[in-house]
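The values are calculated or read from the model by the stated rules, or taken from the named source; none is laboratory data. Fair warning: this is a prediction, and the values are worked out from it, not measured in the lab. Here the Cβ positions follow ideal geometry from the backbone for every residue, glycine too, while neighbour counts run over all protein chains shown.
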DNA sequence: ACGTATTTTTGAAGCGCTTCAAAAGTAGAC
DNA sequence: GTCTACTTTTGAAGCGCTTCAAAAATACGT
């Protein structure tokens, strides 16, 4: 920067103004300085800038699992809002590993980003609280705020489970099977609770069977489908509430391969609106989580904290959305 | 840090040594300082540190498409090596958008990261070259190095296409169909070239038909499958070389739904070894790209440049791997 | 031409750390 | 007790920028 100043024949302060405050410098000087910048290929040193102003105009997002498109959607939402605010977004993948999550939280704190977004794993968030206590804004995504002390954006999983189940009931299905797991995942447990509520409202007209799986994968779904196919037809459910699209996909594939009609014999609804659900051989009805909107909402909360807009900490709960496709309503891809 | 020094009754330099050079400070002093650090909850300011040493011990990775698990694999490989070297990895998603790609390249340059990894989009890399010319190490991933001036890690797409096709030929298939597109994607074009080479070697015993698609999605695959199913059986191919697993998945699903047996009537091979390929109703044979290894290789090249190990710029070409599953060999998931 | 108000530019003080030559402290040998 | 060789600590300079009070330049009114 000193080189630029010398070449343009002005002082350091003026060069700084050209970069951060062009309105205040005279037309002619501005041009001179900009020419010098171009000729020298000067790249401002953000590190020095951050040190001088005391913070970076960057936010960090620690993501639990980049392989899950839901989180990538959230990241996209965050970035939209960040873009609009002229703030840059840095990502870090904690890869479902608590140590990495903590390590990246530290990195962001040490890097003095303006704020941190955290899509955490299902575990205690001691490190995040520590950081928050040291005045660094931290907002949770896909996780509630800690009561009154921090903000969070979540989606109402219980309502999602309820909505999915209600959809099947309204289609006249009466023997429902809920597949998903492990139930130690709070999201799965909430979805199940919602499903149960929908069934209870029917006061005995509808039954709900539970099939807990180890994981929420296509492979687990294949097993679920196989299990159903191996039953005598009159013991099969007529509706399958699946805690994830991947699971639903596997189940559908094995079932139709075994001659069970979907949705004729068994209607299937998934969860997550994963990218492949719409493109499936039988497009899968599902519960969509508004990932992009969640990202925007979380970023908004974070910016409020950063700018210290007077603001009570809160948890924003977003509603999941029923997306009806052929796996419950019967039109098929051949249309 | 001054607070820590005061509290521990030592000088600034000593605190700095405790943090960066603990070996050099006396046992007793070390303990004193560390206690002070804990009591004060001191978090070293990386920004100041970076400014003082002239660079951050962080590398940046600009990724063209986070939604593609292949790149997430690469990122994981990069991170493995970065971890081992005590360097932190920051991610930025350019989301198939050249402006964003450039913007994040700039961010990393201005942040004085030690080096940049770039998985670029299929477009001119002027910004990256500019940055490289200013002495910032930049290594390409999934893109060749610029002749002699920069490094890159790629996978031999032509060989992948050849290997896939050869696999079908060795299984006795003779009427092959290559599906994929658009051909303007250099990866697709190379895979096709490889497929053609394999067929040419058979000197007329095998034919290859080309079906160009708009995209490499499941939806496009469904259309491919439908197209094949609608033909009279004797005009159908007996082997399908698909330029992507998603495409293969769609094709397989519609074909088996239409009563075509896979691989009995038509053997299908995909490309990419995407996560869902193994879990498919008919697990999909495919060409695996060694994403994690590519990430490691790229990170290694980058570290060479960063540490200025004498090093000629080169492009590392990795070999794709044939992964044989049921969509070509006929065992099915029911086993 | 002069004084006042306004616009521009200046330059020095920091931001919080690392670095390194020099100073201070310690240990062992005689 | 003194010297030498080594270990440990110190403190000031500097990394490249922002900031802001003060100085300089310019504009305006009379």
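Details
- Lone qualifier among A:26, A:48 - being near DNA strand D (Cβ under 9 Å from one of its atoms) and over 28 Å from residue A:112 (Cβ atoms): A:26
- Listed by position, the strands (runs of 3 or more DSSP E) inside segment A:239-311 whose residues that are at pLDDT 90 or above and crowded, with 22+ Cβ neighbours inside 10 Å number at least 3 are A:239-242, A:267-269.
- With respect to (1) buried (at least 19 other Cβ atoms within 10 Å of the Cβ); (2) within 13 Å of chain B (Cβ to nearest Cβ); (3) farther than 14 Å from residue A:177 by Cα, the lone exception for residue A:224 is condition (3).
- Unmet criterion (only one of (1) under 30 Å from residue A:265 (Cα atoms); (2) modelled with pLDDT under 95) for residue A:134: (1)
- Among the residues making up segment B:9-36, those that are more than 43 Å from the chain's Cα centre (by Cα) and part of a loop (DSSP other than H, G, I, E, B) are B:9, B:10, B:11, B:25, B:26.
- Look at segment B:8-19: where a residue is within 14 Å of another protein chain (Cβ to nearest Cβ) and over 9 Å from residue B:36 (Cβ atoms) and a partner is near DNA strand C (Cβ under 6 Å from one of its atoms) and at pLDDT below 95, sitting 6+ places away or on another chain with Cβ atoms under 8 Å, you get B:19/B:44.
- Search result, residues across segment A:262-293 that are out of contact with any strand residue (DSSP E or B) (no Cβ under 6 Å at 6 or more places or on another chain) and closer than 17 Å to residue B:279 by Cβ: A:272, A:274, A:275, A:276, A:279, A:280, A:281, A:282, A:284
- Of the strands (runs of 3 or more DSSP E) lying entirely inside segment B:38-143, not one contains at least 2 residues that are surrounded by fewer than 19 Cβ atoms within 10 Å (Cβ to Cβ) and within 11 Å of chain A (Cβ to nearest Cβ).
- Residue within segment A:68-84 that is within 16 Å of DNA strand D (Cβ to nearest atom) and within 28 Å of residue B:48 (Cβ to Cβ) present: no
- Among the residues listed as A:186, A:242, the single one being under 30 Å from residue A:304 (Cβ atoms), in contact (Cβ under 8 Å) with a residue 40 or more places away in the chain, touching a helix residue (DSSP H, G or I) at 6+ places or on another chain (Cβ under 8 Å) and outside the structural domain of residue A:74 (by TED's automatic domain parsing): A:186
- The single residue among A:246, A:229, A:267 that is farther than 30 Å from residue A:139 by Cα and within 14 Å of chain B (Cβ to nearest Cβ) turns out to be A:229.
- Any chance residue B:191 is within 14 Å of chain A (Cβ to nearest Cβ) and either touching a residue at least 60 places away in the same chain (Cβ under 8 Å) or within 30 Å of residue B:315 (Cα to Cα) (or both): no
- The single condition among (1) in contact (Cβ under 8 Å) with a residue 40 or more places away in the chain; (2) assigned by TED's automatic domain parsing to the domain that holds residue A:308 that residue A:110 does not meet is (1).
- Given (1) away from chain A (no Cβ under 11 Å); (2) closer than 28 Å to residue B:73 by Cβ; (3) without any contact (Cβ under 8 Å) to a residue 40 or more places away in the chain, index of the condition residue B:219 fails: (1)
- Any hit, segment A:51-58, residues being over 33 Å from the mean Cα position of the chain (by Cα), near DNA strand C (Cβ under 7 Å from one of its atoms), modelled with pLDDT under 95 and not assigned by TED's automatic domain parsing to the domain that holds residue A:107: yes
- Hey, residue A:195 part of a strand (DSSP E or B), touching a strand residue (DSSP E or B) at 6+ places or on another chain (Cβ under 7 Å) and either at pLDDT 95 or above or surrounded by fewer than 20 Cβ atoms within 10 Å (Cβ to Cβ) (or both) or not: no
- Sole exception among (1) without any contact (Cβ under 8 Å) to a residue 12 or more places away in the chain; (2) touching a helix residue (DSSP H, G or I) at 6+ places or on another chain (Cβ under 6 Å) for residue A:180, by number: (1)
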